[in-house]
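These notes concern the structure reproduced below.
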Amino acid sequence: MKFSRKDFLKASAGMAAFAAIPGKSAFASSTVADINVPKPVSNGKPKRGISLYSYKNDLYTSMTLEDCLADMSSMGAYGLEILANGHVKDYPNPTDEWVEYWYSLLNKYSIIPVEYGHWVDSRLHEGRELTTKESYDSLVRDIKVAHKLGFTVMRTKLGVIDEKLTPVKNWQEFIKMALPVAQEHNVVMCPEIHQPTALKSEMVDEYVEFIEKNNTKNFGLNIDFGVFQSKENMMRIPGIEIEPSKPEDLIPLIPYIYCCHAKFANMTDDLVEETHPYEEIIKVLVDQKYDGYMMSEYEGDDHNEIPGYVPDQLRRQHLMMKRYLGEV
Amino acid sequence: MLEKQNIQSRDFKNVLEGGEIVGFQIPFRATYYRGLWLTQLRPATVTVDGEKFEGNQITWTINGKKYEQVELANYPDVNWNIQDLAIFTVRKPGGLKLGLHDIEVQFHFSASYLPPRMDTGLFQNTFNRRLVLIG
């Protein structure tokens with residue numbers, strides 16, 4: 001049978017209405033009130049977590065979602081980042097049964113849903129950019145899924161228009177439109193500051209200005225530690241001069257940072273990471289009483305042929321971070 | 001769980017329709033780190049033992065629903081999750097002979113967070129595997 005787009009939308013709407021019939025499921029699709037939703041810890045200190053991105057070589061081939069959460073828990077890395085359209089079954093419409101399973105896993109392993117990675121795919125349609133309304137609709141869809149799964153921070157990846165990763169021109173319009181929806185669902189949308197962008201840059205200034213102008217707690221920053229990577233290890237882009245940021249450049253941004261990506265490439269047998277200044281970064285975050293999570297993001301050699309290679313790298317990194325945090 | 005390789009061996013088989021072998025199918029997983037909206041996909045080509053198939057010779061089946069390649073651009077709300085396989089069904093009357101085959105799958109996808117110059121060009125787009133067809 002041929003299925004037109006219109007038929008598809010009609011069928012989807014029908015399914016949604018069915019799912020909303022009261023008493024049809026123990027889990028009401030619009031609320032998470034009756035289940036225990038683990039909340040982020042707020043103690044005035046940086047905390048450890050892991051982005052499931054790190055497990056990409058093992059997840060679904062040698063490890064299940066449950067294996068990954070168990071692995072994190074065993075490292076005391078309780079903060080979780082997911083990438084919604086890789087890790088949420090049936091995204092963007094997870095079933096009630098899956099959502100129940102999700103919370104059962106989080107509670108079983110004491111995992112806290114912190115950051116929800118998602119994209120506003122500006123080039124979703126070949127040959128044209130998304131309109132402001134389409135971008136807004138995409139944001140709203142993800143805000144609702146993030147909230148349903150208990151997340152409070154969103155890593156909102158915007159489409160870019162050039163080599164410097166300048167976001168699409170209408171970003172302020174659709175983000176502003178989505179602020180009330182984000183507030184209603186208790187989430188903060190955070191673009192990721194990632195090399196080649198520096199912390200001291202026009203782009204970051206523009207984000208901060210937007211936050212101040214709108215006096216909002218629903219838009220902030222995610223800092224990827226790759227911005228501190230040693231120059232010789234940074235990506236090379238023809239015509240673009242990249243300078244590593246300094247850990248102290250974080251200080252004026254602390255009020256706007258809701259999550260960090262603890263990017264790393266290789267943990268040595270001496271348990272150090274030689275291309276990112278972890279000791280200095282963590283010292284700044286501790287001194288400034290940064291109250292968010294650092295999500296491990298492994299981006300070294302794949303070693304796809306060795307199952308469990310990255311979990312070992314993660315363990316090494318977490319012992320290093322425990323030391324710098326004064327946990328051991 | 002899924003096999004490490006992109007091209008999966010389980011359910012690599014000839015396809016029967018009304019008692020006739022009308023082609024063959026190749027289950028495939030994306031090793032990208034996130035799922036893709038169908039509109040982000042670009043048409044695939046499949047090459048088996050040097051014979052190339054493309055365009056309307058190939059359909060994609062995702063979560064049980066079949067799409068002609070030209071239809072992919074109509075589904076911005078349907079996501080191909082990395083947990084799920086896409087099954088390429090290739091039209092070839094008589095199908096493939098039993099035994100070993102060298103398979104190549106090629107496709108591209110759009111990534112808006114990369115500079116426009118790299119939109120469909122940064123990630124691996126050619127995948128090879130030698131598989132045995134047993135039926």
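The values are calculated or read from the model by the stated rules, or taken from the named source; none is laboratory data. Please read these numbers as outputs of a predicted model, since none were measured by experiment. Neighbour counts run over all protein chains shown; Cβ positions are idealised from the backbone, glycine included. Just so you know, the surface numbers come from the protein's heavy atoms only, side chains and all, with ligands and any DNA or RNA stripped out. Shrake-Rupley method; radii C 1.70, N 1.55, O 1.52, S 1.80 Å.
For the reader, a short list of remarks on this structure follows.
- ³J(HN,Hα) computed for each position of the range A:279-294 - Karplus, 6.51 cos²θ - 1.76 cosθ + 1.60, integer Hz, glycine/proline x: 4, 5, 4, 5, 4, 4, 5, 5, 4, 8, 6, 4, 9, x, 9, 10
- Burial ranking of peptide ranges B:18-26, A:60-68, B:81-89 (average Cβ count within 10 Å, highest at the top): B:81-89, A:60-68, B:18-26
- Subtracting the Cα-Cα distance of A:K45 and A:V208 from 0.36 nm times their residue separation leaves 56.4 nm of extension gain.
- For the pair the range B:1-29 / the range A:253-310, the C-alpha centres are spaced 41 Å from each other.
- Once backbone amide H atoms are built at 1.01 Å from N, A:F219 has A:M189 as its partners under 5 Å, excluding neighbours fewer than 5 places away on the same chain.
- For A:161-170, mean number of other protein chain Cβ atoms within 10 Å: 2
- Neighbour-limited loop hits for GluC sites (Glu not before Pro), the range A:221-297 (at most 16 other Cβ within 10 Å; DSSP other than H, G, I, E, B): A:E241, A:E274
- Both numbers refer to the Cα atoms of the range A:191-328; Rg and Dmax are 15.7, 50 Å.
- With a Förster radius of 35 Å applied to the C-beta separation of A:I240 and B:Y32, the computed FRET efficiency comes to 0.90.
- Residue-normalised accessible area of the range A:5-324, given per residue in Å² at a 1.4 Å probe: 44 Å²
- Kirkwood hydrodynamic radius of the protein assembly as shown, Cα pairs, Å: 23.5 Å
- Check: the range A:136-233 dipole with +1 on Lys, Arg Cβ and -1 on Asp, Glu Cβ, in debye: 340 debye
- Karplus-based coupling profile of the range A:201-207, in residue order and whole Hz: 7, 4, 5, 5, 4, 5, 4, with θ = phi - 60° in 6.51 cos²θ - 1.76 cosθ + 1.60 and x standing for Gly or Pro.
- Theoretical ellipticity at 222 nm over chain A - DSSP helices of four or more residues, -39500 (n - 2.57) apiece, nearest 500: -11000 deg cm²/dmol
- Residue (of A:T61, A:N218, A:P247) at the positive-pole extreme of chain A, dipole from beta-carbon charges: A:N218
- What the Cα convex hull of the range A:94-224 gives, in volume per residue, is 121 Å³.
- Protein accessible area in the protein assembly as shown, 1.4 Å probe - carbon and sulfur %: 52 percent
- Buried accessible surface for the A/B chain pair comes to about 3300 Å², total over both chains, computed with a 1.4 Å probe.
- Whole-Hz Karplus values for the range B:5-14 come out as 5, 5, 7, 9, 7, 5, 6, 7, 7, 6 Hz, taken residue by residue from phi with 6.51 cos²θ - 1.76 cosθ + 1.60 and θ = phi - 60°; glycine and proline positions read x.
- With each label modelled as a point 7 angstrom along the Cα→C-beta vector, the A:V140-A:K164 pair spans 3.3 nm.
- Share of pairwise Cα separations in chain B, more than 24 Å, in percent: 27 percent
- Cβ-placed point charges (K, R +1; D, E -1), dipole of chain B about Cα centre in debye, nearest 20: 280 debye
- The range A:239-328: trypsin sites (Lys or Arg not before Pro) in DSSP loop, at most 11 other beta carbons within 10 Å: A:K289
- Under 12 Å from the B:K66 label point (7 Å along Cα→beta-carbon), backbone N, the range B:1-40: B:15-18, B:22-25
- Inter-chain neighbour count for A:114-126: the average number of beta-carbon atoms from partner chains within 10 Å of each residue's beta-carbon is 4.
- Dipole in debye (nearest 20) - the range A:5-324, about Cα centre, beta carbon charges: Lys, Arg +1; Asp, Glu -1: 1080 debye
- Pairwise label distance in nanometres, A:E173 with B:R42, each label 7 Å out on the Cα-Cβ vector: 2.8 nm
- Dipole axis of the range B:46-135 (+1 Lys, Arg; -1 Asp, Glu on Cβ), positive-most option in B:P93, B:T61, B:F123: B:P93
- Once backbone amide H atoms are built at 1.01 Å from N, B:W80 has B:L36, B:W37, B:L38 as its partners under 5 Å, excluding neighbours fewer than 5 places away on the same chain.
- The simple Förster model, with R0 at 56 Å and r as the Cβ-Cβ distance, assigns A:K283 and A:H125 a FRET efficiency of 0.75.
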